[in-house]
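The values are calculated or read from the model by the stated rules, or taken from the named source; none is laboratory data. It should be emphasised that the depicted structure is a prediction, and the values quoted were computed from it without experimental measurement. Here the Cβ is made from the backbone with ideal geometry for all residues, glycine too, and neighbour counts use every protein chain on show. Each accessible area value is taken on the protein alone, full model and side chains, heavy atoms only, with ligands, DNA and RNA left out. Shrake-Rupley method; radii C 1.70, N 1.55, O 1.52, S 1.80 Å.
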Amino acid sequence: MLAQFARTRLRGKISDLEEAFTGYFTEHHAWLLTKMLARIDQIDADIADVEDKIGDQIAPFAQAVDSLDEIPGVGRVAAYVIIAEIGIDMTRFPTPNHLASWARFAPGIKESAGKKKGAGSTGHGNPYLARVLGEAAVCAGRTDTFLGERYRRIARRRGRKKAVVAVGRSILVIVWHLLADPDTRFHDLGPDFYDNRTGPDRKKRNHVRQLEALGYKVTLEPAA
């Protein structure tokens, strides 16, 4: 995957260079181009070696990778990073909340005398894990899944950053369950989970809050 991406980018630059030399291509240009192509071939070889090494290291965890790959937004490369950073032994974390706390991937709210202070943040956790969870959350937000709908709902009400943290944490909770029990399989609840789960009274309150947030004064009267 990495090799294909790098090769496509570099070959594209060489293609542009070749077009620029159309009608004026000397032996000196040929020598320079030969050196550049040799560098590309060497980079391709180095990337292939790295991918082979990664494949050897991740081979014992193939089942875990397959499980995490089923989570919306989490591809195989992201699964590699997650496993590399947290391992697969979830006995170190008695609950998913312990894992989220260790990763510092949860909003922090300070409260004193009933007053909330600070905007809340994830704190300073593992930067590699935080980055891959954030990218997975954004990718999940583009899918027609439960996580995708969760991302969009939170983004509309509280902004994209809050949505990234919330969905990233949800992904981490799913990861904990999948790794804690190898027999567990991921099951998507579907994008309509909230609509099916929310009762009439709760829907009414949600709609009223949304209208009030837009500056409207809402008065409800039962239909005849």
Per the filter on segment 175-185, residues β-branched (Val, Ile, Thr) and either open to solvent by less than 30 Å² (accessible area, probe 1.4 Å) or under 11 Å from Ala100 (Cα atoms) (or both) are Val175
Test each condition in (1) of a type outside the set (Phe, Trp, Tyr); (2) within 23 Å of Pro60 (Cα to Cα); (3) under 19 Å from the mean Cα position of the chain (by Cα) for Asp183 and report the one that comes out false. (3)
Anything in segment 214-224 that is surrounded by 10 or more Cβ atoms within 10 Å (Cβ to Cβ) and out of contact with any Asp or Glu (no Cβ under 8 Å at 6 or more places or on another chain)? List them, or say none. Tyr216
Residue tally, condition of a type outside the set (Asp, Glu) and free of Cβ contacts under 8 Å to residues at least 24 places away in the same chain, over segment 21-74: 27
Which pairs have Cβ atoms under 8 Å, sit 6 or more apart or on different chains, and link a residue in segment 200-212 that is over 18 Å from Arg158 (Cβ atoms) to one that is among the aliphatic types (A, V, I, L, M) and modelled with pLDDT under 80? Lys204/Leu220
